[in-house]
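Enquirer: Next up is a structure, given as structure tokens.
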Amino acid sequence: MNESGLQVLMEQDVLRRRIDDGDLPEWAVKHYETFRETMLGERDGAPFPCYFGVESERNGDALYTFVESSTDKDALLALRDNLLEYLDVYRDYSDACSLVTFFKPPEEDLTEADYHERLWHILQFLHVNDPEPWPEDIPTDPDTPTWEFCFGGEPIFPTTRAPFYDERLSRYCPWGLEITFQPRPLFDGITADTEAGQKARAVIQDRIEEYDGVCPHADLGDWGVDGDREWPQYMFSSDESQAPDECPIRITREHPKVPMAPADD
């Protein structure tokens, strides 16, 4: 935690100090500062829709990491290790400790289809290199209401922002891919089957309309609700013709899927 280097897990105060010290590359600084401005700022007087994310950034609850490539094996192995470390410590921080992950901007312009492909490549890579088996109580078929991405033995909701969102600005990030990983326990007490969850959903949907100026996405739903699916919510489509028609990830309970490196003596 908070080691030197770029692809490490950082607390907010450490991240901001390293920015002040000039210890991070320009792309990383722009990525985080844009994220913070989005969370804490307003658009035409409207606050960012997810007030849980706003409060998390304001209170310094989240942890952060940077990834130098969305395709390079070593960069994604570093992400795997940081995600495992995060899952080991997040409960010790707060009830709102998500992991915000910033990817280095690509050298070439990417289409929406490219970003969908890269997201699912990352999640598939994490699944294949997961040191823990897929949880027994989570189905492997994404076309079920109780499926969601799992890693390190935990169900996780990864939500993304990317440059291709021309209208849905709450999902817009000008620098490249951004993934926020949220384990299922962060949603305890605010799921669709609770009164608090129903109120939270209504507030967030109203704020989406104010902030984006468009209706909430048709794929917005809740985990476990008949008819809703988790996977399209990880990266909402802007142009349906560029988004996958079915979930691209392939899940298996076979474990381990790749040989694990031997432990150091």
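The values are calculated or read from the model by the stated rules, or taken from the named source; none is laboratory data. Remember, it's a predicted structure, so these values are computed and weren't measured experimentally. Glycine gets a Cβ as well: all are built from the backbone with ideal geometry, and neighbour counts include every protein chain shown.
Enquirer: Please work out which residue is surrounded by the fewest Cβ atoms within 10 Å (Cβ to Cβ), limiting yourself to the stretch 124-161 and to residues that are in contact with a strand residue (DSSP E or B) (Cβ under 7 Å, 6 or more places away or on another chain) and aliphatic (A, V, I, L, M).
Expert: That would be Ile138.
Enquirer: Can you go through Val100, Val89, Val54 and tell me which one is of a type in the set (A, V, I, L, M) and outside any helix (DSSP H, G or I)? Working first, answer last.
Expert: Numbers: Val89 fails: outside any helix (DSSP H, G or I); Val54 fails: outside any helix (DSSP H, G or I).
Of the residues listed, the single one that is of a type in the set (A, V, I, L, M) and outside any helix (DSSP H, G or I) is Val100.
Enquirer: Report yes if Arg207 is modelled with pLDDT of 85 or more, farther than 14 Å from Phe157 by Cβ and either buried (at least 18 other Cβ atoms within 10 Å of the Cβ) or aliphatic (A, V, I, L, M) (or both), otherwise no. Before you say what the answer is, go through the steps one by one.
Expert: On the way: modelled with pLDDT of 85 or more: yes; farther than 14 Å from Phe157 by Cβ: yes; either buried (at least 18 other Cβ atoms within 10 Å of the Cβ) or aliphatic (A, V, I, L, M) (or both): yes.
Criteria met by Arg207.
Enquirer: Related question: Would you check which residues across the stretch 60-77 are under 16 Å from the mean Cα position of the chain (by Cα) and either among the hydrophobic types (A, V, I, L, M, F, W, C) or farther than 21 Å from Trp175 by Cα (or both) and list them?
Expert: Asp61, Ala62, Leu63, Phe66, Val67, Leu76
Enquirer: Also, quick follow-up: Being over 27 Å from Ile249 (Cα atoms), more than 16 Å from the chain's Cα centre (by Cα) and modelled with pLDDT of 95 or more narrows it down to one of Glu57, Glu42, Glu11, so name that one.
Expert: Numbers: Glu57 fails: more than 16 Å from the chain's Cα centre (by Cα); Glu42 fails: modelled with pLDDT of 95 or more.
Unique residue meeting the criteria: Glu11.
Enquirer: Look at the stretch 117-137 and say how many of its residues are within 22 Å of Ser237 (Cα to Cα) and assigned to a loop (DSSP other than H, G, I, E, B).
Expert: So the count comes out to 0.
Enquirer: So how many residues does the stretch 1-33 have that are in contact (Cβ under 8 Å) with a residue 24 or more places away in the chain, in a helix (DSSP H, G or I) and buried (at least 18 other Cβ atoms within 10 Å of the Cβ)?
Expert: Taking the stretch 1-33 and keeping what is in contact (Cβ under 8 Å) with a residue 24 or more places away in the chain, we get 1, 6-13, 15, 24, 27-28, 30-32.
So of that shortlist, the ones also in a helix (DSSP H, G or I) come out as 12-13, 15, 27-28, 30-32.
Okay, now just the ones that are also buried (at least 18 other Cβ atoms within 10 Å of the Cβ), so 12, 15, 28, 31-32.
Matching residues across the stretch 1-33 total 5.
Enquirer: Let me ask you something else. Quick test for you: out of Ala96, Ala62, pick the one residue that is among the small types (Gly, Ala, Ser) and either surrounded by fewer than 15 Cβ atoms within 10 Å (Cβ to Cβ) or modelled with pLDDT of 95 or more (or both).
Expert: Working: Ala96 fails: either surrounded by fewer than 15 Cβ atoms within 10 Å (Cβ to Cβ) or modelled with pLDDT of 95 or more (or both).
After applying the criteria, what remains is Ala62.
Enquirer: Given the options Thr160, Thr146, name the one that is polar (S, T, N, Q), at pLDDT below 95 and not in a helix (DSSP H, G or I).
Expert: Values: Thr160 fails: at pLDDT below 95.
So the residue among Thr160, Thr146 that is polar (S, T, N, Q), at pLDDT below 95 and not in a helix (DSSP H, G or I) is Thr146.
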